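The values are calculated or read from the model by the stated rules, or taken from the named source; none is laboratory data. Keep in mind that this is a model prediction, so the values were computed, not measured. As a convention, Cβ positions derive from the backbone with ideal geometry for all residues, glycine included, and neighbour counts pool all protein chains shown. Surface accessibility is based on the protein's heavy atoms, side chains included, excluding ligands, DNA and RNA. Shrake-Rupley method; radii C 1.70, N 1.55, O 1.52, S 1.80 Å.
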Amino acid sequence: VQLQASGGGLVQAGGSLRLSCAASGRTLSAYTMGWFRQPPGKEREFVSGISRNGGSTYYADSVKGRFTISRDNAKNTVYLQMNSLKPEDTAVYYCVVSRFSSVYFSTSSVTSWGQGTQVTVSS
């Protein structure tokens, strides 16, 4: 499956962005999806995951209460709504497909990576 992420940009602290991830090649409804991010000079880290039907979600503690993951299987698209952004949210964000059903997963569970979209939060 090919993943195309979009929606990143430059925003001031406290602002919002909505990331989208459109898939082609396969139907996303068959997969658990998620988002990872890679801050400058750091390793990739898990942000959020969502089950196949959207009924179950998981968030890293660092984004809980501020970010919301959702999906529209009819549009083959996954979203990440990011509110109350902080400078420490600055990173390249990647949408991913997981090979397992768990909504919390590591990079070893990822079968497909999107190309990444840059999010920069200024203070």
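Residue 13 fulfils the conditions (1) open to solvent by 20 Å² or more (accessible area, probe 1.4 Å); (2) closer than 16 Å to residue 115 by Cα; (3) touching a Leu at 6+ places or on another chain (Cβ under 7 Å) except for a single criterion, (2). Under the condition of being crowded, with 17+ Cβ neighbours inside 10 Å and within 15 Å of residue 37 (Cβ to Cβ), the residues counted in region 64-78 number 3. When 2, 38 are checked against the criterion of being farther than 22 Å from residue 83 by Cα and not basic (Lys, Arg), a single residue qualifies: 2. State yes or no: is residue 26 more than 19 Å from residue 106 (Cα to Cα) and either touching a residue at least 12 places away in the same chain (Cβ under 8 Å) or in contact with a Phe, Trp or Tyr (Cβ under 7 Å, 6 or more places away or on another chain) (or both)? Yes; evaluated as a whole, the condition is true for this residue.
Could you list all residues from region 86-106 that are within 13 Å of the chain's Cα centre (by Cα) and either open to solvent by 70 Å² or more (accessible area, probe 1.4 Å) or aromatic (Phe, Trp, Tyr) (or both)? Scanning region 86-106 gives 93, 94, 104, 105.
Picking from residues in region 46-63 that are free of Cβ contacts under 8 Å to residues at least 24 places away in the same chain and of a type outside the set (Gly, Ala, Ser), the one that is most open to solvent (accessible area, probe 1.4 Å) is 61. Taken together, the residues in region 1-21 that are part of a strand (DSSP E or B) and either in contact with a Cys (Cβ under 8 Å, 6 or more places away or on another chain) or at pLDDT 95 or above (or both) amount to 13. When the residues of region 67-100 are filtered to those that are in contact with a strand residue (DSSP E or B) (Cβ under 7 Å, 6 or more places away or on another chain) and charged (D, E, K, R), the one that is nearest to residue 29 (Cα to Cα) is 71.
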